[in-house]
1. Going by the structure shown, is VAL86 open to solvent by less than 50 Å² (accessible area, probe 1.4 Å) and not in a loop (DSSP other than H, G, I, E, B)?
2. Give the residues of the range 89-103 that are surrounded by fewer than 17 Cβ atoms within 10 Å (Cβ to Cβ) and of a type in the set (A, V, I, L, M, F, W, C), sorted by residue number.
3. Step by step: first the residues of the range 234-253, then only those that are in contact with a strand residue (DSSP E or B) (Cβ under 7 Å, 6 or more places away or on another chain) and part of a helix (DSSP H, G or I), then the one that is farthest from GLN179 (Cα to Cα). Which residue is that?
4. Go through the range 194-233 and count every residue that is of a type outside the set (Val, Ile, Thr), part of a loop (DSSP other than H, G, I, E, B), more than 9 Å from the ligand (Cβ to nearest atom) and open to solvent by less than 70 Å² (accessible area, probe 1.4 Å).
5. Being farther than 20 Å from ARG205 by Cα and open to solvent by 40 Å² or more (accessible area, probe 1.4 Å) is the filter; apply it to the range 133-156 and report the residue that is farthest from the ligand (Cβ to nearest atom).
6. If I ask for residues that are more than 10 Å from the ligand (Cβ to nearest atom) and among the aliphatic types (A, V, I, L, M), which ones from the range 73-89 would you list?
7. Out of curiosity, is ARG130 within 14 Å of the ligand (Cβ to nearest atom), among the basic types (Lys, Arg) and out of contact with any Lys or Arg (no Cβ under 6 Å at 6 or more places or on another chain)?
8. Sort out which residues of the range 1-57 are in a helix (DSSP H, G or I), of a type in the set (D, E, K, R) and within 14 Å of the ligand (Cβ to nearest atom), and write them in order of number.
Amino acid sequence: MILDAFNLRGKVAIVTGCGTGLGRGMALGLAEAGANIAGIYNKSEPDCSALIGKMGRRFLGIKADLADLDQIEPLVEQTVESFGRVDILINNAGIIRRQPALEFTRENWDEVVNLNLRSLFFLAQAVAKRFVAQKSGGKIVNIASMLSFQGGILVPSYTASKSGVMGLTRELACEWAGQNINVNAIAPGYMATENTRALQEDPIRSVDIMKRIPAGRWGKPSDLAGAVVFLASDAANYIHGYTLAVDGGWLAR
Ligand code: NAD
């Protein structure tokens with residue numbers, strides 16, 4: 001049955017930034033499809049733990065600052081100690097800083113590129129090493145953006161990082177496909193979360209954005225659940241290096 005290929009029963013997924021917004025939505029979707037979740041957070045304990053427990057799956061919250069590369073290997077070890085293995089990585093944690101390019105500070109550059117690209121790569125590397133050691137293969141889904149395809153305004157470090165995420169997704173896919181590791185990405189459109197609060201609250205930009213979305217609404221975290229379950233499942237076994245837009249038609253415009 002083709003639907004069996006989408007089933008994640010018994011799989012273990014690491015989801016970064018799982019306490020809020022899109023990460024929370026994807027963690028819930030993966031758990032609904034059967035996966036146990038190691039949820040990485042850096043602020044308050046995620047509330048998805050109880051919901052995932054009610055679905056009959058296990059949730060392990062791991063507090064870590066992903067900007068600190070020394071915290072990456074221990075979180076993978078903790079996941080494996082607790083669940084015995086890891087099958088899926090959702091590389092979702094990310095930040096944005098808005099400032100005109102002429103005034104853009106080094107801090108705003110470094111903070112964004114370090115988390116969105118540097119940490120994303122080293123976490124993918126740490127998890128892929130585990131997939132190789134397990135001889136299991138595995139799935140990595142990186143979270144890209146519309147700004148992997150477009151320029152944007154006031155967000156030079158974010159655009160650079162997310163364009164880098166799309167390129168790196170292709171590069172890692174080429175290196176690791178032969179070991180049954182699928183590396184793909186999801187590019188969310190304009191989603192109503194903390195990340196886009198400034199845009200949602202800008203009376204001019206928010207109306208302009210809405211008018212340009214063919215679906216006629218901002219996206220919700222649950223809109224990513226279908227795409228992430230698919231890319232994390234056996235149904236996507238022959239998909240490598242692709243960035244799937246979930247954008248209400250924004251890029252088609
Ligand atoms: P969000 O701000 O709610 O989520 C970001 C998450 O990353 C938070 O849970 C935060 O705690 C975590 N995080 C930040 N710094 C961290 C650190 N140093 N260590 C560990 N965790 C850290 O916003 P979101 O919209 O859910 O964003 C999730 C991802 O989706 C980001 O990569 C973002 O760039 C991307 N994205 C969002 C949109 C959108 O419209 N909301 C569009 C495209 C891409």
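The values are calculated or read from the model by the stated rules, or taken from the named source; none is laboratory data. Fair warning: this is a prediction, and the values are worked out from it, not measured in the lab. Cβ coordinates were reconstructed from backbone atoms using ideal geometry, including for glycine residues, and neighbour counts include every protein chain displayed. For accessibility, only protein heavy atoms count, side chains too; no ligands or nucleic acids. Shrake-Rupley method; radii C 1.70, N 1.55, O 1.52, S 1.80 Å.
1. no
2. Correct list: ALA101, LEU102.
3. By that ranking, first place goes to LEU251.
4. Residues meeting the conditions: 5.
5. LYS135
6. VAL76, VAL80, VAL86, ILE88, LEU89
7. Considered against the rule, which asks whether it is within 14 Å of the ligand (Cβ to nearest atom), among the basic types (Lys, Arg) and out of contact with any Lys or Arg (no Cβ under 6 Å at 6 or more places or on another chain), ARG130 comes out as no.
8. The answer is ARG24, and nothing else.
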